[in-house]
Amino acid sequence: MKSILWLLWMILAFSATLGIASLNTGCSPEENQQAATASQSSDQLSLDLTSPRASFETWVTAIDSDNHAARLACLTTSEKNREAGAAALNLMQLAVKSPSDGDRFLKLLDDHGLTQNAINHAMATYGAGAVGMPGFTEKIGEKIQDLTGFHHEISKLAIRPPRQELIFLSAELEHNQMIGRIKIGNRDAAIVFRQVDGNWLIDSPTH
């Protein structure tokens, strides 16, 4: 069970790095942006989101320090919801696969607003076929209350081994979005950044 829960944690931490989203946002190249800094009140961690590179490095630091509030601050609202929705769906699957832990997992979801009625309504209203899986997970995630607390509770379910090394390589303007090139361990990957209120936030809806 611990190994299965580790897979869930990996989905939370690395889902944003697995592909390129099709966005239509007004962005300009990284070097033309003005500096902006946000702060995370719980531990006063300075969040540098002034460029794709800075946002990525802030995100990695937040992962390493288990700072869920800071990690979420590096994501767009849509990506926060997609990530949370994907985690919730995985937790539901784990509840089915492990009946002995099922009640505990479902209670965690219920405590954060994802009641059975909310789940049924989302599935009946949207369904994965109508909006695609990223859209469906986003709709599920929108119903979760206190995303930081939700991720904190999920993280306590898993034993986390050392993660793969994450390295930022470059970022280029491509079709009105910033596409970052990164390395995850020994493989290359792409990550999408979107400019929101002067900050470059991660937005990669692939779940």
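Kirkwood Rh, the range 52-127, all Cα pairs: how many Å?
Computed over the range 52-127, the radius equals 14.1 Å.
Please work out the Cα center distance from the range 67-85 to the range 138-190, rounded to the nearest Å.
9 Å
Taking the highest mean first, how do the peptides 85-96, 133-144, 100-111, 182-193 order by number of other beta carbon atoms within 10 angstrom per residue?
Highest mean packing first, the order is 133-144, 85-96, 182-193, 100-111.
Pairs to check: K139/K183; K107/K156; K107/K143. Give those whose C-alpha atoms are more than 26 Å from each other in this structure.
K139/K183
Read-outs throughout are calculated quantities, based only on the coordinates presented, and are distinct from any laboratory measurement. Computed from a predicted model, the values in this text were never measured in an experiment. In this analysis, Cβ positions are derived from the backbone assuming ideal geometry, glycine residues included, and neighbour counts consider all displayed protein chains.
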